[in-house]
Amino acid sequence: MAEPKKITKQFIISQTVLYVFIMAFVIMFKTIFGDKNTLVGVMGITAILMLTQVNLTISPVKNLFKLIVINIGIGVFTYLANLNVWGAIPLNFIAIFIIIYTFYYNLKSPVYLPFSLQYLFLLATPITAKELPMRLLSLLVAPIGIMLIQFIVNKNKTTKVGNKLIGSICDDLIKKINDKSLNKQEINKSIKINSTEFRKIIYDNRKDEFYVTEEGRIKLNIVVVLEKLSNLLDKDIDNKYVLEDLSICLQEVKRSLGKEDNLNNVNDIITNILNKYKDDNIHGLDTLRILNTINMLKISLEELKLLGKENYNKIEANGDIPEDYKMVNVHKKEFYKKSVKFSYAVRVSLGVAISAFIADYFKFSEGKWIYFTAMAIIIPIYELSKKKVKDRMFATLVGGVIVVLLFTIFTNTLVRVLIIMAAGYLRSYAFTYRYGTIYTTICAIGSVAMSGGAVVLTINRIVFVILGTIIGIIINRFVLPVKMKDANNELSEMYTDVIDGMLKEVYEKAKNENDNRHEMDTLLLVSTMIEEKISANNADYITEEIDNYFDKIRILIVDIYQLYTLVRRSEINLNNVEYMLDDLKMLSNPINGDIDMTIKRVEEHIKSTKGIENKIIFASIRGVLAEIKEVKEMK
């Protein structure tokens with residue numbers, strides 16, 4: 001379960017500066033584009049800030065065009081929808097469906113909110129044909145602003161943010177080596193968080209949702225190696241000299257990457273350390289694995305140095321994107337009634353279309369609260385909607401009462417403006433939906449009650465919120481409902497497909513039939529996003545046992561990825577490594593009853609094969625088989 005955010009001095013300063021900036025932006029926007037387009041500015045700045053969590057810099061022109069089309073489309077559709085109450089039904093349904101389906105992501109935080117809210121705000125602010133050009137012009141500001149901020153925040157994010165995360169992982173590993181009294185669980189948790197954050201950066205920085213940059217590929221491998229080291233250090237390693245040298249290597253990795261990848265003198269220390277063990281007769285398998293991971297770190301740092309910073313964003317594409325990863329096919333695959341993405345898009349579209357029709361048909365002056373509430377209540381997973389209904393009603397009542405009391409006491413316009421501004425500012429400190437909506441309600445009712453009538457407006461809003469809530473509840477319950485079990489099954493199937501795909505890639509690479517590193521990288525990254533999504537969806541239900549199960553799967557995935565890297569960097573040939581291909585083939589289709597027998601056979605191959613590199617590959621195969629068996633038993 002996510003830990004509550006802490007309000008620090010730095011947080012207060014940043015929120016205050018941000019609030020002042022937003023207010024200044026909105027005032028300037030209103031001055032240029034007029035009162036009727038003020039909310040375009042509000043949602044524009046919201047989109048600019050919200051989309052910083054998504055890296056759009058890898059394909060800037062394509063993403064700018066996409067954002068412009070979406071925004072102009074919102075302007076045109078809302079204008080047409082306001083012309084005819086009956087024609088608005090299909091128009092609203094189609095427009096909201098496109099917005100939700102485009103910006104709702106199954107595996108990462110959705111960013112549809114500023115676009116869907118912008119649609120509703122413009123729907124509630126009709127314009128004439130004469131005013132349409134100015135509105136469309138105002139809608140161009142956000143896409144341009146989004147991309148400008150993207151280049152400030154997300155350009156070279158793998159280096160700027162990623163290197164800090166790698167440095168933090170190295171620090172945690174050094175603590176793990178040097179101080180046995182520390183709580184390993186806490187250190188492992190920190191390593192997992194930093195590793196996950198790094199993987200998310202790489203996931204976001206892929207071109208065409210598939211191709212990983214060369215910098216991303218190399219540093220992703222470094223992070224996986226560091227995670228593998230963490231897993232190895234959880235065992236009892238008795239060779240203190242290797243551990244001391246490992247600590248020195250980790251310091252060198254952190255120093256070499258630093259802030260700007262200072263790789264001029266890279267690997268001298270690591271090479272000298274590895275040379276010390278060349279002639280040693282080391283039999284401990286875990287010690288051999290640690291030395292192997294040190295060597296893999298050395299190889300990755302050498303690759304990074306040879307690549308050069310000027311080629312960090314280079315992409316080596318060995319072929320076309322596989323059919324399963326083409327976005328058109330990904331969208332097709334999600335187009336079925338039990339898909340969370342599809343069902344949610346249908347439900348929100350239907351809710352907005354119906355509630356907007358009711359508001360317009362009966363000409364309710366504040367009828368917009370019906371469709372705002374309906375959209376807020378309709379959420380992807382059915383079980384989570386029940387709590388949101390209670391929170392929405394509570395927040396509306398409390399917010400309304402606060403406005404009535406304060407506006408009754410304070411009749412001065414300036415004081416009322418300050419109350420609304422204070423509520424807007426305090427909204428940034430509310431980390432739950434319930435309390436955030438209280439501040440939103442104060443701002444919303446307060447804004448329209450500036451000239452008086454707060455009591456009437458509060459009663460009206462409560463009535464419309466209740467109506468919108470009823471519409472939302474009915475749609476959540478009866479229209480393509482997706483329950484937690486359905487969402488978890490969808491994610492579990494994806495998880496299984498990822499593991500099967502990774503095992504298949506290892507075998508195909510060993511046969512030299514495939515060198516699609518991008519597919520392997522994408523599978524690893526997708527596994528991380530699935531893990532995060534399952535955790536977010538089930539935050540209130542995850543037990544220690546379930547947590548341990550997913551930790552075990554993560555260890556399995558790390559080991560499969562490292563085995564792939566070992567195979568890719570080795571020459572596997574039937575003439576010099578007997579049985580290796582057969583053992584790798586068994587990985588891609590392990591049969592339950594035969595796993596124990598296969599493990600014993602691989603153990604025999606570890607003893608009989610010659611060469612440390614080959615022994616390590618066989619040991620890795622054995623480790624993956626043992627983990628597959630353990631995961632199946634836990635399940």
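Each reported figure results from applying straightforward, stated rules to the coordinates on display, with no laboratory input. Since we're looking at a predicted model, the values are computed, not measured. Reconstructed Cβ throughout: ideal geometry from the backbone, glycine too, with neighbour counts over all protein chains shown.
For residue 314, the shell of other residues with beta-carbons less than 9 Å away shows a net charge of -4, using +1 for Lys and Arg and -1 for Asp and Glu. Would you mind classifying the chain by shape? Square roots of the alpha carbon gyration tensor eigenvalues, ordered a ≥ b ≥ c; an a/c under 1.5 is rounded, otherwise it is prolate if a/b is larger than b/c and oblate if not. Taking the square roots of the gyration eigenvalues as a ≥ b ≥ c, the chain is prolate. Computed from Cα atoms, the angle from the helix 88-103 axis to the main principal axis of the chain rounds to 30 degrees. Under the criterion of Cα pairs below 8 Å and six or more residues apart, the relative contact order for segment 519-634 equals 31 percent. Each of residue 631 and residue 17 was given a label point 7 Å from its Cα along the Cα-to-Cβ line. The distance between the two points is 4.4 nm. Axis angle, to the nearest 10 degrees, between helix 595-608 and the longest C-alpha principal axis of the chain: 50 degrees. Taking the 0 to 90 degree range and rounding to the nearest ten, how far is the long axis of helix 285-307 tilted relative to the main principal axis of the chain, both from C-alpha atoms? Between the helix axis and the principal axis of the chain, the angle is about 60 degrees. Seen through its C-alpha gyration tensor, with square-root eigenvalues sorted a ≥ b ≥ c, segment 148-277 comes out prolate because a/c lies at 1.5 or above while a/b is bigger than b/c.
Suppose R0 equals 35 Å. What FRET efficiency, 1/(1 + (r/R0)^6) with r the Cβ-Cβ distance, do residue 512 and residue 286 give to the nearest 0.05?
On the way: r = 30 Å, r/R0 = 0.86.
Here the calculated transfer efficiency is 0.70.
For segment 458-546, applying the loop criterion from DSSP together with a ceiling of 10 other beta carbons within 10 Å to the GluC sites (Glu not before Pro) yields 513.
Note on segment 1-155: dipole from Cβ charges, positive end direction compared against 96, 77, 24; the farthest Cα belongs to 24. Sorted on the mean count of surrounding Cβ atoms within 10 Å across their residues, most packed first, peptides 371-384, 472-485 read 371-384, 472-485.
Please order 192, 607 by the number of other Cβ within 10 Å, starting at the fewest.
Numbers: 192 17, 607 8.
Going from least to most buried by this count: 607, 192.
Backbone phi angles across segment 545-556, fed through the Karplus curve with coefficients 6.51, -1.76 and 1.60 (θ = phi - 60°), yield HN-Hα couplings of 5, 5, 4, 5, 4, 6, 5, 5, 5, 4, 4, 4 Hz in residue order; Gly and Pro are listed as x. The length gained on full extension between residue 28 and residue 236, counted as 0.36 nm times the residue separation minus their Cα-Cα distance, comes to 68.6 nm. Other residues with beta-carbon under 15 Å from the beta-carbon of residue 33 carry, at +1 per Lys or Arg and -1 per Asp or Glu, a net charge of +2. The modelled label-to-label distance for the pair residue 421/residue 183, using points 7 Å beyond Cα in the direction of Cβ, is 4.5 nm. Considering the dipole of the chain built from charges on the beta carbon (Lys and Arg +1, Asp and Glu -1) around the Cα centre, which of 43, 143, 193 is farthest to its positive end? My answer, from the dipole projection, is 43. Between residue 156 and residue 129, the simple label model (points 7 Å from Cα in the Cβ direction) yields a spacing of 5.2 nm.
Quick check on the chain: helices-only [θ] at 222 nm, where DSSP H runs of length 4 and up contribute -39,500 (n - 2.57) each and the sum goes over total residues. Nearest 500, please.
On the way: 27 runs with 460 residues, N = 635.
Roughly -24500 deg cm²/dmol at 222 nm, from the helical runs in the chain.
When ranked by the protection proxy of mean other Cβ atoms within 10 Å per residue, highest first, what sequence do the peptides 246-257, 214-225, 141-152 form? Could the numbers behind the result be given before it?
Values: 246-257: 20.0, 214-225: 23.2, 141-152: 17.8.
Packing order, densest peptide first, comes out as 214-225, 246-257, 141-152.
Looking at 256, 181, 169, which one has the Cα that reaches farthest to the positive end of the dipole of segment 168-273 (charges on Cβ: Lys, Arg +1; Asp, Glu -1)? Most positive-ward Cα: 181.
When Lys and Arg each count +1 and Asp and Glu each count -1, what net charge do the other residues less than 15 Å away from residue 99, Cβ to Cβ, add up to? Numbers along the way, then the final one.
Numbers: positive: 66, 341, 347; negative: none.
Neighbourhood net charge equals +3.
Give the peptides 177-184, 336-343, 291-298 in descending order of average Cβ contacts within 10 Å, highest first.
Details: 177-184: 10.1, 336-343: 17.1, 291-298: 22.0.
Descending packing order for the listed peptides: 291-298, 336-343, 177-184.
Separation of segment 123-171 and segment 531-560, taken as the distance between their Cα centroids, equals 32 angstrom.
Fewest-first ordering of 394, 97, 362 by other beta carbons within 10 Å of each residue's beta carbon gives 362, 394, 97.
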